[in-house]
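See below for the structure under consideration.
Any read-out appearing in this document is the output of simple, stated calculations on the displayed coordinates, not a laboratory observation. None of these values were measured; they are calculated from a predicted model. Methodologically, a virtual Cβ is constructed for each residue, glycine included, from the backbone with ideal geometry; neighbour enumeration extends over all protein chains shown.
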Ligand SMILES: Cc1cc2nc3c(=O)[nH]c(=O)nc-3n(C[C@H](O)[C@H](O)[C@H](O)COP(=O)(O)O)c2cc1C
């Protein structure tokens, strides 16, 4: 008999071949603290990830850590100091992180990233323009140096039809390097209006070749990437992230429900381990379409994928996560900002559950309110000059 005082959020779940000890996962978080030049991960990054690993009892940190977005090729970069997965030095650097996480009884997957048009020529080989589905700029900002100076994204160059299979191969090669680096799997970054999302949405993909126009054409490239990555890993170690209602980087889509339900169905048919959706960043300002768009997408994926689960993200409190899992709306929840400032987030949730159990006769009805350290937004990205980068990164304390 399950113990009703143990929150569902703290129970194990299997996603494909990934046996995760709890359902509070860590969302991908770019922190721009790679060594430069070369965008190389290093010891401090390994410490940061190990601090957030599940731990011996599986109840200290994240059930699964999803790495920060990791550029798959030199042209996939759009921000300064983001650790890549396309050189030998980067693979060696990532090995430090995967080993440290495994030593701390954690699991970590690599989020594979191509920014597409959200980049600046200063970050591109030969100062070339970034690559996009078309030559329409993204009207968003990026940062290109250690001072995190914000600049407008450059006008992209539209990819030629024959270049698209080459990028599929770059994803395949990066997936293999992620394996060499010791990751437990990969998550394909199809969210937040980066390259794959730019192809998926009808408001941004105005191509007239086989990769644009109809929904089937717009999904051709993202699905080819998913297939290539599954070839390397097996589908049961591959996840895919979407953000159907995001308006980041000038995102537009006339019918996100139709677009992403079909994408979810096809990813499910491939047998992916999980579908991960950014539902919102702010529950005080929810997109009113959320209740009609998100559930059909989650259901389409779960119906099509034999062992796939739906992972929700976006301004979730522990209590909302618990209610959503209990009601079957999602199977796990990825926490982003809470994991930045609470490396032992799961332990804090367990402490709150214990306190609730001793306080209330019907403990399972009382809200779950862990004691959390607030995050400091000013230290999200980059290493301030003259510092070692630990502030706001590895110096958040664990609860007693
Ligand atoms: C500092 C920061 C960096 C982020 N980097 C990434 C990233 O690399 N990849 C990604 O898919 N989402 C990224 N996101 C989005 C988060 O994964 C998550 O969707 C967002 O923070 C909302 O979830 P939360 O309310 O639990 O923080 C980032 C968010 C923040 C605050």
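Some notes on this structure:
- Nitroxide proxy distance, nm - points 7 Å out along Cα→Cβ at residue 95 and residue 162: 3.8
- The calculated FRET efficiency for residue 169 paired with residue 87, based on their beta-carbon distance and R0 = 25 Å, is about 0.95.
- As a rough footprinting exposure proxy, the listed residues 250, 231, 344 were ranked by other beta carbons within 10 Å of their own, and the order from fewest upward is 231, 250, 344.
- Label point distance in nm, residue 127-residue 388, each placed 7 Å from Cα along Cα→Cβ: 3.7
- Counting every other Cβ atom within 10 Å of each residue's Cβ, 43, 162 order from fewest to most as 162, 43.
- Nearest-ten-degree value, helix 164-180 long axis tilted from longest Cα axis of the chain: 40
- A viscosity of 0.692 mPa s and a temperature of 37 °C, combined with the Kirkwood radius over C-alpha pairs in the Stokes-Einstein formula, give the chain a diffusion coefficient of 156 µm²/s.
- Estimated [θ] at 222 nm from DSSP helical runs (n ≥ 4, -39500 (n - 2.57)) normalised by residues in the chain, nearest 500: -10000 deg cm²/dmol
- Label zone of residue 292 (point 7 Å out along Cα→Cβ, amide N under 15 Å): in the range 232-257 this covers 245, 254-257.
- A simple spin-label model places pseudo-atoms 7 Å from Cα toward Cβ; at residue 136 and residue 227 they are separated by 2.8 nm.
- Computed lengthening from residue 215 to residue 398, 0.36 nm per intervening residue step minus Cα-Cα distance: 61.2 nm
- Two-site FRET efficiency, residue 206 against residue 155, from Cβ-Cβ distance with R₀ of 22 Å, rounded to 0.05: 0.90
- Ordered by the count of other Cβ atoms within 10 Å of each Cβ, fewest first, 189, 77, 249, 102 give 102, 249, 77, 189.
- Subtracting the Cα-Cα distance of residue 102 and residue 6 from their residue separation scaled by 0.36 nm leaves 32.0 nm.
- In degrees, nearest ten, helix 88-103 long axis to first principal axis of the chain (Cα): 10
- Remark: the range 1-137 projects, on average over all directions, an area of 10.3 nm² (convex hull of Cα atoms).
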